[in-house]
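First comes the structure, then the notes that go with it.
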Amino acid sequence: MENRSFLRMGRTVGVIGLGAWQLGADWGDVSEADAHATLQAAVDAGVTFIDTADVYGDGRSEQIIGSFIKDRPQLTVATKMGRREPQTVANYTLDNFRRWTDRSRANLGVETLDLVQLHCPPTPVFSSGEVYDALDTLVEEKRIRAYGVSVEKVDEALEAIARPGTASVQIILNAFRLKPLERVLPAAAEAGVGIIARVPLASGLLSGRYDEHTTFPADDHRTYNRHGEAFDVGETFAGVDFETGLEAVRRLRPLVPAGVPMAQFALRWIVDQPGVTVVIPGARNGEQARANAAAAGLAPLPAETQAAVKAVYDELIRPAVHDKW
């Protein structure tokens, strides 16, 4: 597993991490035993970075991770805060930050959280000096070691990167979401801010396993959030219409090297983008976790493949989504 650095955190992590949304809720049921098996398989495969949030299963994901990470100091756990309460700028206060992080500290069973990210807050929050002052206070109080942001939009990312205390930006990046390559990744690299790439498989679309006949359980966000009914539509299939995504996958498939699963190809594409620190694919079982981690061992994709991916994006995806985020 290749390691990359979060310069402002002073930490190095494996380039393939684990997104733990699945361990909480919104992807169908995952038992606690299966969740622990997934975590163990990921760590055995070289994963050292786990991303979760206080809202995933209303704390269940954090609690499962907390029971797993005891006596595993080599792991870095990032959580997120702010989505359990109404999304108003007035809620982003030091008192609330203390309360939210105290809950996550209890769930994870740690005195100090490695990394806390604002969880896609209202856009005005990113330009609030008081918010960053409050986050700096959490660091001073040793509630957290570092802070970052999870964003939906490029301009939100750029605002956060300009702040000297921001250690990381988490942003949707995959073969269906190329816009961050233009300004966000270069700005982050210049500032020493880590980039956490989320939704790397476009909610599974880029695994190549789905077709027009695929259905998902009623409690899976790929059923109930296709048009943003529950949260930002960009979090489901990276904001791409399902049928358009299927057509894009058909065009990408010939680019996949022989013997390589399409999901690993999609992850390798992200790993190859300059400025990416860690990619956080989700996994529901150990087999998926091991397969995701194996993408780090693939050879870098050639320039002609990178160009072909962009051509598919420009023709099918860009006209519909590029200006939204």
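For region 51-58, take each phi angle, set θ = phi - 60°, evaluate the Karplus expression 6.51 cos²θ - 1.76 cosθ + 1.60, and give the result in whole Hz per residue in order, putting x for glycine and proline.
My calculation for region 51-58 gives 10, 9, 7, 5, 8, 6, x, 6 Hz in order.
Show the residues, 5+ positions off or on another chain, whose built amide H is closer than 5 Å to the amide H of Arg143.
Counting only residues 5 or more places away or on other chains, the set is empty.
I need the phi-derived Karplus couplings for region 240-249: 6.51 cos²θ - 1.76 cosθ + 1.60, θ = phi - 60°, integer Hz, Gly and Pro marked x.
Once rounded to whole Hz, the list reads 8, 4, 4, 5, 5, x, 4, 5, 4, 4.
For region 148-267, build the charge dipole from Cβ charges (+1 Lys, Arg; -1 Asp, Glu) around the Cα centre, then report which of Ile196, Thr236, Val256 sits farthest towards its positive end.
Most positive-ward Cα: Val256.
Amide H of Ser203: which non-local residues (sequence gap of 5 or more, or other chain) have their own amide H closer than 5 Å, using H built in the peptide plane?
Those lying under 5 Å, H to H, from Ser203 are Phe237, Ala238.
Within straight cross-link reach of Lys324, meaning Cα distance under 18 Å, which aspartates and glutamates are found once same-chain residues fewer than 8 apart are removed?
In chain and number order, the partners are Glu152, Asp155, Glu156, Glu159, Glu182, Glu229, Asp232, Glu235, Asp241, Asp314, Glu315.
Relative contact order (percent) for the chain, with alpha-carbon contacts under 8 angstrom and 6 or more residues of separation?
Relative contact order, the chain: 22 percent.
Just add up the charged neighbours of Thr48: K/R +1, D/E -1, any other residue whose Cβ is under 10 Å from the Cβ of Thr48.
Neighbour charge sum, excluding Thr48 itself: +2.
How about Lys142: which lysines have a C-alpha closer than 26 Å to its C-alpha, ignoring those fewer than 8 places off in the same chain?
Hits, sequence-local ones excluded: Lys70, Lys80.
With every protein chain left in place, what is the accessible area of Asp102 in Å² (1.4 Å probe, nearest 10)?
Taking all protein chains as shown, Asp102 has close to 60 Å².
List the relative contact order of region 1-66 as a percent without decimals, with contacts defined as Cα pairs under 8 Å and 6+ residues apart.
It comes to 37 percent, rounded to a whole number.
How much accessible area per residue does region 57-169 have, in Å², with a 1.4 Å probe?
Spelled out: the 1.4 Å probe surface of region 57-169, per residue, equals 41 Å².
Tabulate in residue order the Karplus-calculated ³J(HN,Hα) for region 151-168, using 6.51 cos²θ - 1.76 cosθ + 1.60 with θ = phi - 60°, rounded to whole Hz; enter x for Gly and Pro.
Going residue by residue, I get 10, 9, 10, 4, 5, 5, 4, 5, 4, 5, 4, 6, 8, x, x, 6, 8, 8 Hz, with x marking Gly and Pro.
Quantify, in whole percent, the carbon and sulfur part of the accessible surface of the chain (1.4 Å probe; protein heavy atoms only).
So the carbon and sulfur contribution to the accessible surface is 50 percent.
Sorted by packing (mean other beta-carbon atoms within 10 Å per residue), highest first, where do 37-47, 244-254 land?
Descending mean neighbour count gives 37-47, 244-254.
The values are calculated or read from the model by the stated rules, or taken from the named source; none is laboratory data. On a predicted model such as this, the values are computed, not experimentally measured, just so you know. Heads up, the Cβs are rebuilt from the backbone with ideal geometry, glycines too, and the neighbour counts pull from every protein chain shown. Keep in mind that these areas ignore ligands, DNA and RNA; they rest on the heavy atoms of the full protein, side chains included. Shrake-Rupley method; radii C 1.70, N 1.55, O 1.52, S 1.80 Å.
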